[in-house]
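Undergrad: Sharing a structure with you now.
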There are 2 protein chains.
Amino acid sequence: MGKVARRTQEQRTAETRHRLLDATITLLLERGYFRITTADIASVAGVSRGALTHHFVSKEDIVTQAVQHQLRKVTVDLHELADSLEGKSTDEIVDYLWEMMAGGLFLVTLEYLPEARHNSEFKAQMTPVVKEFHAALDAIWARLSQHAGIKPSQAQVMLNATMCLIRGMVAQTIVRDDPDYFRSLLAYWKGHLREVFVLDRRSPQARPRRKVSAAE
Amino acid sequence: MGKVARRTQEQRTAETRHRLLDATITLLLERGYFRITTADIASVAGVSRGALTHHFVSKEDIVTQAVQHQLRKVTVDLHELADSLEGKSTDEIVDYLWEMMAGGLFLVTLEYLPEARHNSEFKAQMTPVVKEFHAALDAIWARLSQHAGIKPSQAQVMLNATMCLIRGMVAQTIVRDDPDYFRSLLAYWKGHLREVFVLDRRSPQARPRRKVSAAE
DNA sequence: TAAGATACAGACTGGCCGGTTCGTTTCTTG
DNA sequence: CAAGAAACGAACCGGCCAGTCTGTATCTTA
């Protein structure tokens with residue numbers, strides 16, 4: 001049988017870790033944090049449990065790093081979205097964020113949140129990972145606000161609200177199978193965003209039609 | 001020693017079940033679904049595991065019934081809120097809903113959602129419980145909309161959006177310790193609600209409240 | 001008040017799983 | 001190429017826990 005080509009230690013490590021992290025995300029999504037075992041992860045990754053325990057000191061450790069892995073990929077995607085913003089509507093941005101969150105990102109979050117709430121060590125490991133992502137989001141919101149006729153501070157609040165709305169909706173999808181309901185909520189929110197957010201293609205000084213009350 | 005007063009079977013059952021359901025909610029909130037055992041629940045309730053297994057066929061069963069118990073109590077509270085709505089602002093309603101959700105209701109939900117997502121039997125048991133609650137919410141929203149003088153359909157969407165926003169925010173509180181952030185989101189949302197409710201105030205029909213149906 | 005029914009108590013068990021340990025293979029370095 | 005280091009594989013173990021089962025107490029009913 002064809003032996004694997006000779007690789008440097010660095011390559012072996014990178015590949016194995018990568019496979020394990022991908023497998024972890026896949027399994028978090030498919031089976032959830034409390035229903036997967038380290039043996040499952042190793043199996044899906046196609047390596048032994050020994051390999052897993054060699055690279056990650058605990059289950060919490062590999063999950064934390066897997067989430068970081070995922071969030072960083074998503075951050076890259078979002079920056080690409082911000083790159084290609086010409087002619088995009090706020091509707092499209094909302095749709096994009098919804099697809100992203102409902103398509104797995106927030107479902108994975110929902111899997112580890114209960115653990116984070118009750119396992120302080122795990123929470124301590126996860127906190128900086130989440131902070132990094134939130135900071136990245138703020139940067140992306142700032143970029144989006146540049147394309148619109150509103151102040152960055154307003155964009156921050158509105159887009160963070162958008163994310164929270166979507167989070168709540170995704171959570172509800174688990175126990176509420178009602179696409180029309182979610183469509184109506186998204187449609188309402190898109191309408192609201194359109195009123196305030198004017199994605200601008202030419203004139204850089206488009207003004208908001210309404211004032212938004214920022215922090216109290 | 002003072003023996004327990006003689007009780008009918010019905011009383012014994014009701015009391016034991018009630019203690020077990022209360023203990024389940026308490027423990028779901030404090031330790032989470034996957035970190036509590038049926039032995040824990042029995043212990044907190046002050047009964048034996050035998051009593052628990054006598055009244056509930058499985059862990060999923062007792063959790064489902066405990067959640068139903070909690071949701072029905074919350075429904076009563078919300079109807080009381082709707083009763084005493086004179087002179088209340090939308091700000092106060094938002095604050096009430098936030099306190100309710102962040103104070104435990106949605107944290108409990110977050111505990112069982114992962115199980116519901118991956119355990120189809122559990123999900124099947126939980127679905128009607130959640131549906132009942134959603135229907136109750138719709139009825140309450142209808143009452144609120146009559147009070148505020150806006151169209152029921154609009155109130156449905158806005159108040160459901162409010163709930164989803166709050167859900168997303170509560171989820172985020174677990175990994176984001178930043179009260180100012182959440183305050184600013186709530187402040188923004190209150191402002192938005194004020195605008196809409198004021199906007200539709202111009203056709204106020206001050207009719208007496210009537211019973212409303214949850215039907216679409 | 002006796003017999004059956006219901007409520008409750010507590011021991012047992014079989015499977016699971018994360019962490020540990022140790023042996024083997026692959027790569028690096030001098 | 002030899003020796004050490006890193007990567008990996010696999011068996012083992014100790015604790016945990018939901019469900020089961022059997023025995024006992026309390027209540028109902030005829």
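The values are calculated or read from the model by the stated rules, or taken from the named source; none is laboratory data. Keep in mind it's a predicted model, so treat the numbers as computed, not measured. Note that we place each Cβ from the backbone using ideal geometry, even for glycine, and neighbour counts take in every protein chain shown. All accessible areas refer to the heavy atoms of the entire protein, side chains included, with ligands and DNA or RNA removed. Shrake-Rupley method; radii C 1.70, N 1.55, O 1.52, S 1.80 Å.
Undergrad: How large is log10 I(q)/I(0) at q = 0.08 Å⁻¹ when the Debye formula is applied to the Cα atoms of chain A, each weighted equally and without solvent?
TA: Per q value, in the given order, log10 I(q)/I(0) is -0.37.
Undergrad: Across 10 Å bins from 0, what is the distribution of all Cα-Cα pair distances for region A:8-70, in whole percents?
TA: Bins of 10 Å from zero give 24, 62, 12, 1 percent of pairs.
Undergrad: Quick one: if the Förster radius is 25 Å, what FRET efficiency do residue A:95 and residue B:131 give, using the C-beta to C-beta distance and rounding to 0.05? Don't skip to the end; give the middle numbers.
TA: Numbers: r = 27 Å, r/R0 = 1.10.
Here the calculated transfer efficiency is 0.35.
Undergrad: Based solely on its DSSP helices, what 222 nm [θ] is calculated for chain A when runs of n ≥ 4 H residues each add -39,500 (n - 2.57) and the sum is averaged over all residues, nearest 500 deg cm²/dmol?
TA: One gets -23500 deg cm²/dmol as the mean residue ellipticity at 222 nm.
Undergrad: Ignore the peptide's own chain and count Cβ atoms of other chains within 10 Å of each Cβ in A:118-125; give me the average, rounded.
TA: If you average over the peptide's residues, the count of other-chain Cβ atoms is 2.
Undergrad: Let me ask you something else. Per residue of B:153-159, count partner chain C-beta atoms within 10 Å of its C-beta, then hand back the mean as an integer.
TA: 2
Undergrad: Still on this structure, please answer the following. Hey, got the average number of other protein chain Cβ atoms within 10 angstrom for residues in B:178-190?
TA: Neighbouring Cβ atoms belonging to other protein chains average 4 per residue here.
Undergrad: Right, something else. Accessible area per residue, 1.4 Å probe, Å², for the protein assembly as shown: what's the number?
TA: Ligands and nucleic acids excluded, the result is 50 Å² per residue.
Undergrad: Using Cα atoms only, what is the angle between the long axis of helix A:152-173 and the major principal axis of chain A, expressed in degrees (0 to 90) to the nearest 10?
TA: Value to nearest ten degrees: 60.
Undergrad: Using Cα pairs closer than 8 Å and at least 6 residues apart in sequence, work out the relative contact order for region A:8-56, in percent. Each step should come with its number before you reach the end.
TA: On the way: 29 pairs, mean separation 18.1, N = 49.
Normalised by residue count, the contact order of region A:8-56 is 37 percent.
Undergrad: Just the Cα atoms of the protein assembly as shown: what Rg and Dmax do they give in Å?
TA: Gyration radius and largest Cα-Cα distance of the protein assembly as shown: 24.4, 86 Å.
Undergrad: Moving on. Heads up, I need the accessible area for residue B:147: 1.4 angstrom probe, whole protein in place, Å², nearest 10.
TA: 50 Å²
Undergrad: OK, next. What distance in nm separates the two pseudo spin-label positions at residue B:22 and residue A:58, each 7 Å out from Cα along the beta-carbon direction?
TA: It is 3.5 nm.
Undergrad: Checking a compactness column here: for region B:59-141, what do you get for Rg(Cα) / (2.2 N^0.38 Å), N being the number of residues?
TA: Relative to the rule-of-thumb radius for its length, region B:59-141 sits at 1.20.
Undergrad: Over chain A, what is the relative contact order in percent, taking alpha-carbon pairs closer than 8 angstrom and at least six residues apart?
TA: Details: 169 pairs, mean separation 46.0, N = 216.
Result for chain A is 21 percent.
Undergrad: With a 1.4 Å probe and all protein chains kept in place, how much accessible area does residue A:150 have, in Å² rounded to the nearest 10?
TA: That residue has around 10 Å² of solvent-accessible surface.
Undergrad: Rank these by accessible area, largest first, 1.4 Å probe: B:131, A:88.
TA: Output order, biggest surface exposure first: B:131, A:88.
Undergrad: Return the distance in nm (one decimal) between the two label points of a simple spin-label model at residue B:177 and residue A:85, each offset 7 Å from Cα along Cα→Cβ.
TA: Inter-label distance under the simple model: 3.3 nm.
Undergrad: What is the sum of charges, Lys and Arg at +1 and Asp and Glu at -1, for the other residues whose Cβ falls under 13 Å from the Cβ of residue A:70?
TA: So the environment of residue A:70 carries a net charge of -2.
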